[in-house]
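Following: one structure in structure tokens, then a few remarks.
Just so it is clear, none of the values below were taken in a lab; they were calculated from the coordinates. Worth saying up front: this structure is predicted, and the values here are computed from it rather than measured. Cβ: placed from backbone, ideal geometry, glycine included. Neighbour counts: every protein chain shown.
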Amino acid sequence: MGRRAIIFHGTGGNPDACWYPWLAGRLAGRGYAVEVPHHPGINVEPIATFLPKVLNGHSFDEDTVLVGHSGGAALLLALLEHVDVTVAQAILVAGYCTRPNTEEEPVLQQGYDWAAIRSHVRDIYFINSREDPYGCDDRQGRAMFERLGGTQIVRDDGHFGDHDQPYERFELLDRLIP
């Protein structure tokens with residue numbers, strides 16, 4: 001099937017926000033088939049009804065790279081738990097596994113089968129900022145890293161893109177994806 005990448009935007013986001021188009025272009029230039037789907041239901045619709053739509057709407061195989069930002073990163077936890085293959089790589093940017101603030105988080109499951117998640121991804125990264133304004137911070141990254149292993153990268157870089165934080169390029173992601 002060839003190398004493929006799926007980039008999941010965050011809550012209230014869209015495929016044209018922040019670094020998503022830039023990363024999609026970089027990966028396409030290296031031969032990846034890239035999807036940057038628009039999923040307005042991320043963190044709006046309960047994960048129990050939203051996840052089956054995502055699983056049925058995309059193909060996953062051993063050459064798939066998954067990138068999720070914020071709510072899209074939280075979605076990757078459920079996706080990796082329930083997908084029926086082991087994907088090549090997952091990168092969770094400003095991800096979280098518990099409520100990061102007082103807002104409702106319909107993208108989160110009540111609990112996770114951490115062993116199943118780990119068995120469905122060969123290489124996993126958690127990129128979080130100590131200065132995340134929404135609480136998707138280094139402590140959230142550490143909680144996932146402690147359960148799943150992989151690599152945790154901590155920066156002081158806000159939310160890595162937001163309505164008030166232009167973030168048109170993300171060189172680190174380009175370097176992490178082979």
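Values computed for the structure shown
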read-out	value
Extension reserve of the residue 171-residue 156 stretch, reckoned as 0.36 nm per residue once the Cα distance is removed	3.9 nm
Hz values of 3J(HN,Hα) by residue in region 173-178 - Karplus curve (6.51, -1.76, 1.60), Gly and Pro given as x	4, 4, 6, 6, 8, x
Cβ charges +1 (Lys, Arg) and -1 (Asp, Glu), total dipole of region 120-178, debye	380 debye
Fully extended contour minus Cα-Cα distance, from residue 163 to residue 122, at 0.36 nm per residue	11.5 nm
Principal axis dimensions, largest first and in whole angstrom, of region 35-178 by Cα	35, 34, 29
Approximate spin-label separation residue 30-residue 142, in nm, with each point projected 7 Å along Cα-to-Cβ	3.0 nm
Cβ charges +1 (Lys, Arg) and -1 (Asp, Glu), total dipole of the chain, debye	460 debye
Over the chain, relative contact order from alpha-carbon pairs under 8 Å, at least 6 apart, %	22 percent
Modelled FRET efficiency - R0 30 Å, residue 58 with residue 130, Cβ distances, 0.05 increments	0.40
Full-extension gain in nm, residue 99 to residue 45, via 0.36 nm per residue minus C-alpha separation	17.9 nm
Lys/Arg +1, Asp/Glu -1 at C-beta; the chain dipole; positive extreme among 158, 119, 69	119
Along principal axes, Cα extents of region 3-90, largest first, whole Å	35, 29, 17
